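Asks: Starting off with a structure, shown below.
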Amino acid sequence: MTAAGRPPIKLFVFPRMFAIPNLSPFCCKLETWLRIAQIPYEVVETRDPRTAPRRKLPYIEDDGVRIPDSGVVIDHLSRTRSIDPDAHLSPAQRATSLLVRRALEEHYAFVLAYTHLVSDEGVKHTGARFDALPALIRPLVARAVRKNVMRLLWHQGLLRYSHDEIVAHAIEDWRAILSFMSDGPFFFGDHPAGIDAVVFGTLAPTVLTPIETPIRAFLRSQPKAVAYAERMRDRFFPELAPPTASAERSTSARASA
Ligand SMILES: N[C@@H](CCC(=O)N[C@@H](CS)C(=O)NCC(=O)O)C(=O)O
């Protein structure tokens, strides 16, 4: 039971990979939002989104009720828990949040699906998602999932562009978004807001994973972007942050004492 007397909500997401909350930008966003809002939850790792209410992850179970879609879940939890991480934002900051969210969720999230789940470099690193399957069917499932993502991206429109065009458009997104981002610690300055969950949700899979793309290279050349991603991870997911040099030094000093 939580302090408010409710059982913790159950958060259904893809299994964690790499040192980030989730490779899925929407799963990463929702878990980050829960930590910003300080709402207790239990993670339920789910490999197959076909069992989800809208056949997509993430979703939550709150008091036995299953609620899909990160945005709908956030609205539901804000309303039922009377929590609004955006309460301190000005009307202009709220409008900026909406536009940044649209760029990241309605455009860049599809680029991430392309770079991480379709391109050879992405598949080289993310193919491990299928390791739990029996060896006999593993390549078949991996091929079918990749084909499904390609079909989705073709119908959505992204795959009608060349690789270079996709990359150029994504870098345009990030240049625009970085021009709105404060120097920290959070997107709008001193206090976290909902937009930090969205930005970290897409930035973490791009810059805090080993998947090499020109978009990652661009973002890693922007000190503001890297510092922001690392700071968000340190602050909200300290268990995932690599040990700092000083912590490593004191551990090895203790070991050799
Ligand atoms: N609008 C949804 C999008 C969720 C979404 O697209 N989830 C993807 C992973 S990033 C998914 O579950 N895809 C599985 C599929 O399409 O089969 C949200 O905000 O939660």
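The values are calculated or read from the model by the stated rules, or taken from the named source; none is laboratory data. Remember, predicted model here, so these are calculated numbers, not experimental data. Here Cβ is always computed from backbone atoms with ideal geometry, including for glycine, and neighbour counts include all displayed protein chains.
Asks: Among P25, P21, P58, P53, which is outside the structural domain of R231 (by TED's automatic domain parsing) and without any contact (Cβ under 8 Å) to a residue 40 or more places away in the chain?
Replies: None of the others qualify; the one that does is P53.
Asks: Next up: If L98 meets every condition in (1) touching a residue at least 12 places away in the same chain (Cβ under 8 Å); (2) out of contact with any His (no Cβ under 7 Å at 6 or more places or on another chain) apart from one, which number is that one?
Replies: Failing condition for L98: (1).
Results for (1) touching a residue at least 12 places away in the same chain (Cβ under 8 Å); (2) aliphatic (A, V, I, L, M), shown as yes or no for each residue.
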| site | (1), (2) |
| --- | --- |
| G122 | yes, no |
| R146 | yes, no |
| H155 | no, no |
| D164 | no, no |
| A168 | no, yes |
| F180 | yes, no |
| G194 | yes, no |
| T206 | yes, no |
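Asks: Oh, and also: So is E121 in contact with a helix residue (DSSP H, G or I) (Cβ under 8 Å, 6 or more places away or on another chain) and at pLDDT 95 or above or not?
Replies: Yes, satisfied.
Asks: Tell me the helices (runs of 4 or more DSSP H) entirely within the range 36-144 that contain at least 2 residues that are within 13 Å of the ligand (Cβ to nearest atom) and closer than 22 Å to F236 by Cα.
Replies: In the range 36-144, 70-81 are the helices (runs of 4 or more DSSP H) which contain 2 or more residues that are within 13 Å of the ligand (Cβ to nearest atom) and closer than 22 Å to F236 by Cα.
Asks: Continuing with the same structure: Tell me which of these I211 doesn't satisfy, since it passes every other one: (1) in a helix (DSSP H, G or I); (2) within 16 Å of the ligand (Cβ to nearest atom).
Replies: Evaluating I211 over (1) in a helix (DSSP H, G or I); (2) within 16 Å of the ligand (Cβ to nearest atom) leaves (1) as the failure.
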